Amino acid sequence: MIPFAKGHGLGNDYIVIDEKDLRAPLSTKAIARICDRNWGVGSDGILLLVPTQRADFGLRIFNPDGSEAEKSGNGLRIFAKYLWDHGRTKRPSFTVDTKGGLVECQCRVEGGRMGFVTVEMGRATFRAPELLRGVADCFLGARLASRVGLARAKYLLFTAQPLTAAEALAVGLVARVVPHDELEGAVAETVGWVRQTAPGARRALKRDLNRQLPPIDFAMFAESLASDEVREGFAAFVEKRPPAWVRGRR
């Protein structure tokens, strides 16, 4: 029997396995079988401890369908607790090498027990995943093109590809980008600036600014939310698999 541990973070559950305990590499079929909640252990995925030269620990994250994920915040927190509880580390801060890059884990340890884990996930990115869920988002459709141009808007919406924080700032999708450790101070600073302006005049100006936005097709939005595509899109998201779209439909 292969030794394993199982944990959850905010309801997201993962199985943790040390690659050294495997007699053969994990196949797609084996991963799907292990993660199956009826025939296997049941989980949202597998966290595989692997060797690495780039960090303190190496990690491969597998979805229930056998595909490999780049990162998972909850998965990394579970992995960090596993490392501590199983004596793999006695340092409250360490690095993990993932498919999505290096990640730093900071652990709060009290009385020898790890009770809290903070994961530095790297640089922020932005994307519009609505079409991956089957949602024809009228808000993005109406407003993104006016910000970034029609061609760029089509690319971002139809491919659901990410923008870096710097790109999002450059095209006006976000107003300000700050490092993570400066976030609380930046929020307090921004709130302070806003509070210096007159609230009544601010509300009036907000209404005027909103009038400049393109019209929104609420009927299209409502129709998409009631579609079979939305049901399939969200089912695929929950089950961590690619959506099985029915081709040839509008």
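Consider the range 17-29. How many of its residues are surrounded by 10 or more Cβ atoms within 10 Å (Cβ to Cβ) and touching a residue at least 24 places away in the same chain (Cβ under 8 Å)?
Number of matching residues: 6.
Here are the criteria: (1) at pLDDT 85 or above; (2) part of a helix (DSSP H, G or I); (3) loosely packed, with under 10 Cβ neighbours inside 10 Å. Tell me which single one Ala175 does not satisfy.
(2)
Yes/no matrix, rows are residues, columns are (1) outside any loop (DSSP other than H, G, I, E, B); (2) surrounded by fewer than 16 Cβ atoms within 10 Å (Cβ to Cβ):
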{"position": "Arg77", "(1), (2)": "yes, no"}
{"position": "Gly87", "(1), (2)": "no, yes"}
{"position": "Phe94", "(1), (2)": "yes, no"}
{"position": "Val119", "(1), (2)": "yes, no"}
{"position": "Phe139", "(1), (2)": "yes, yes"}
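Identify, from the list Lys90, Lys81, Lys71, Lys99, the residue that is closer than 20 Å to Pro51 by Cβ and in contact with a Gly (Cβ under 8 Å, 6 or more places away or on another chain).
Testing whether each residue is closer than 20 Å to Pro51 by Cβ and in contact with a Gly (Cβ under 8 Å, 6 or more places away or on another chain) leaves just Lys71.
Just one of (1) farther than 26 Å from Thr125 by Cβ; (2) buried (at least 17 other Cβ atoms within 10 Å of the Cβ); (3) among the aliphatic types (A, V, I, L, M) trips up Ile46, so point out which.
The failed condition is (1).
Of the numbered conditions (1) part of a loop (DSSP other than H, G, I, E, B); (2) surrounded by fewer than 14 Cβ atoms within 10 Å (Cβ to Cβ), Ala166 satisfies every one except a single condition; which is it?
If we test Ala166 against (1) part of a loop (DSSP other than H, G, I, E, B); (2) surrounded by fewer than 14 Cβ atoms within 10 Å (Cβ to Cβ), just (1) comes out false.
Is there a residue in the range 99-113 that is surrounded by 14 or more Cβ atoms within 10 Å (Cβ to Cβ), farther than 25 Å from Glu182 by Cα and touching a residue at least 24 places away in the same chain (Cβ under 8 Å)?
No, because not a single residue in the range 99-113 is surrounded by 14 or more Cβ atoms within 10 Å (Cβ to Cβ), farther than 25 Å from Glu182 by Cα and touching a residue at least 24 places away in the same chain (Cβ under 8 Å).
Would you tally the residues in the range 195-250 being polar (S, T, N, Q), in a helix (DSSP H, G or I) and either touching a His at 6+ places or on another chain (Cβ under 8 Å) or under 22 Å from Pro129 (Cβ atoms) (or both)?
1
Checking the condition among the charged types (D, E, K, R) and in contact with a helix residue (DSSP H, G or I) (Cβ under 8 Å, 6 or more places away or on another chain), which residue from Arg133, Arg143, Arg211, Arg203 passes?
After applying the criteria, what remains is Arg133.
As an exercise: evaluate Lys154 against (1) charged (D, E, K, R); (2) in a helix (DSSP H, G or I); (3) surrounded by 15 or more Cβ atoms within 10 Å (Cβ to Cβ) and give the number of the one condition it does not meet.
Checking Lys154 against (1) charged (D, E, K, R); (2) in a helix (DSSP H, G or I); (3) surrounded by 15 or more Cβ atoms within 10 Å (Cβ to Cβ), the one that fails is (3).
Return yes when Lys81 is outside any strand (DSSP E or B) and either hydroxyl-bearing (Ser, Thr, Tyr) or without any contact (Cβ under 8 Å) to a residue 12 or more places away in the chain (or both) and no when it is not.
For Lys81, the condition - outside any strand (DSSP E or B) and either hydroxyl-bearing (Ser, Thr, Tyr) or without any contact (Cβ under 8 Å) to a residue 12 or more places away in the chain (or both) - is not met.
The values are calculated or read from the model by the stated rules, or taken from the named source; none is laboratory data. Owing to the predicted nature of the structure, the values given are computational and were not obtained by experimental measurement. Ideal geometry is used to build each Cβ from the backbone, glycine not excepted, and the neighbour counts take in all protein chains shown.
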